[in-house]
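Q: Here it is, the structure in full.
The values are calculated or read from the model by the stated rules, or taken from the named source; none is laboratory data. Being a predicted model, the structure only gives us computed values, none of them experimental. All Cβ positions, glycine included, derive from the backbone under ideal geometry; neighbour counts span all protein chains shown. When the accessible area is computed, the model is the full protein with side chains, heavy atoms only, and any ligands, DNA or RNA have been set aside. Shrake-Rupley method; radii C 1.70, N 1.55, O 1.52, S 1.80 Å.
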Amino acid sequence: PDGTLTVVASTAVWADVAARVAGPRVSVRAIVTDPAADPHSYESTPADAAAISGADLVVYNGGGYDDWVTRVLDTAPGARERSVEAFALRGDPADENEHVWFDPTAVRGVIAQVAERLAALAPAEADGLRARAAAFTGEVDGLAGRLAAVGRARPGASVVATEPVAHYLLATAGIADVTPPEFVEAVEAENEPPAAALVAVTDL
């Protein structure tokens, strides 16, 4: 009623991306704001569900990272059509790593989607939205270029990663992650890695 559009994001990361594009006529809020909280295991509240259902736009990670958003979207009429899923915009559709806020392609996709969705809702703001989106995309391109330069400066470099969070950063840099899959799977499931995987990681 006051002319302000609302964007609800699952996490502070995606709220920040949306806010960089949205501008002053858009209210952007994140549901999970504590950096120590794990969105995988977050339990949404009735207030969260109401915020998601009533938002003009919902931005969420997807890929199993914030399934509680998906559950709300599936029960709120028309909510899916008012949402942007970052995981669906990742550079490699075959890549199942859910930490897509580190994938420059996914971030660019979310930036573009936020700008166009909000421009459709507020056509008078379209020029400003697209200008902010273009500027932010340029920053993301610059970061991706710096990552690629890290890899070029270290040809043949490889890493062992105790967590798969940096997967897309390493891919953009062109640096091989040689961590045994059994080790990664155990860490993701919060289980003890198999003894053979621990030996392999120690050897690496």
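Q: Could you give the distance between the Cα centres of segment 117-143 and segment 29-79, to the whole Å?
A: With segment 117-143 and segment 29-79 each reduced to a Cα centre, they are spaced 24 Å.
Q: Further question: Apply the a/c threshold of 1.5 to the C-alpha gyration tensor of segment 1-94 and tell me whether it is rounded, prolate or oblate.
A: Working: a/c = 1.34, a/b = 1.24, b/c = 1.09.
It is rounded, given that a/c, with a ≥ b ≥ c, falls under 1.5.
Q: Next up: Just need the Rg to Rh number for segment 162-204, please, alpha carbons only, Kirkwood Rh.
A: On the way: Rg = 10.9 Å, Rh = 10.9 Å.
Reported Rg/Rh (Cα atoms, Kirkwood Rh): 1.00.
Q: May I pose another question? Just add up the charged neighbours of Val165: K/R +1, D/E -1, any other residue whose Cβ is under 11 Å from the Cβ of Val165.
A: -3
Q: Also, quick follow-up: Taking only protein heavy atoms into account and a 1.4 Å probe, give the accessible area per residue of the chain in Å².
A: That works out to 51 Å² per residue.
Q: Follow-up question, since we're still on this one. Expressed as a whole percentage, what fraction of the accessible surface of segment 1-90 belongs to carbon and sulfur atoms when a 1.4 Å probe is rolled over the protein heavy atoms?
A: Percent of accessible area from carbon and sulfur atoms in segment 1-90: 54.
Q: Provide Rg and Dmax in Å for segment 1-56, with only Cα atoms included in the calculation.
A: Every Cα atom of segment 1-56 included, Rg and Dmax give 11.8, 36 Å.
Q: Moving on to the next point. Can you divide the C-alpha Rg of the chain by 2.2 N^0.38 Å and report the result to two decimal places? The partial results should precede the final answer.
A: Details: Rg = 18.8 Å, N = 204, 2.2 N^0.38 = 16.6 Å.
Normalised Cα radius of gyration, the chain: 1.13.
Q: Let me ask something else. Is the shape of segment 70-118 best called rounded, prolate or oblate, per the rule: a/c under 1.5 gives rounded, else a/b larger than b/c gives prolate, else oblate, with a ≥ b ≥ c the square roots of the Cα gyration tensor eigenvalues?
A: Because a/c hits 1.5 or more and a/b fails to exceed b/c, segment 70-118 counts as oblate.
Q: Give, as a single signed number, the net charge of other residues whose beta carbon lies under 11 Å from the beta carbon of Arg82, with Lys and Arg counted +1 and Asp and Glu -1. Kindly include the intermediate steps, with their values, before the conclusion.
A: Values: positive: Arg80, Arg117; negative: Asp56, Glu81.
Result for the local shell: 0.
Q: Let me know the longest stretch in the chain that avoids all GluC sites (Glu not before Pro) found in a DSSP loop with at most 14 other C-beta atoms within 10 Å.
A: No qualifying site falls inside 97-189, the longest such stretch.
Q: When the Kirkwood hydrodynamic radius is evaluated over all pairs of different C-alpha atoms of segment 98-148, what value in angstrom, to one decimal, is obtained?
A: It works out to 11.5 Å.
Q: Along segment 13-26, what does the Karplus equation 6.51 cos²θ - 1.76 cosθ + 1.60 (θ = phi - 60°) give for ³J(HN,Hα), rounded to whole Hz, x for Gly and Pro?
A: Ordered by residue, 3J(HN,Hα) equals 4, 6, 5, 5, 4, 4, 5, 5, 9, 5, x, x, 8, 10 Hz.
Q: Would you mind calculating the relative contact order of the chain from Cα pairs under 8 angstrom and at least 6 residues apart, reporting the percent as a whole number?
A: 16 percent.
Q: Looking only at Val32, Val160, Val84, which one moves most when the chain is put into a Gaussian network model with springs between Cα atoms under 10 Å?
A: Ranking Val32, Val160, Val84 by mean-square fluctuation puts Val160 first.
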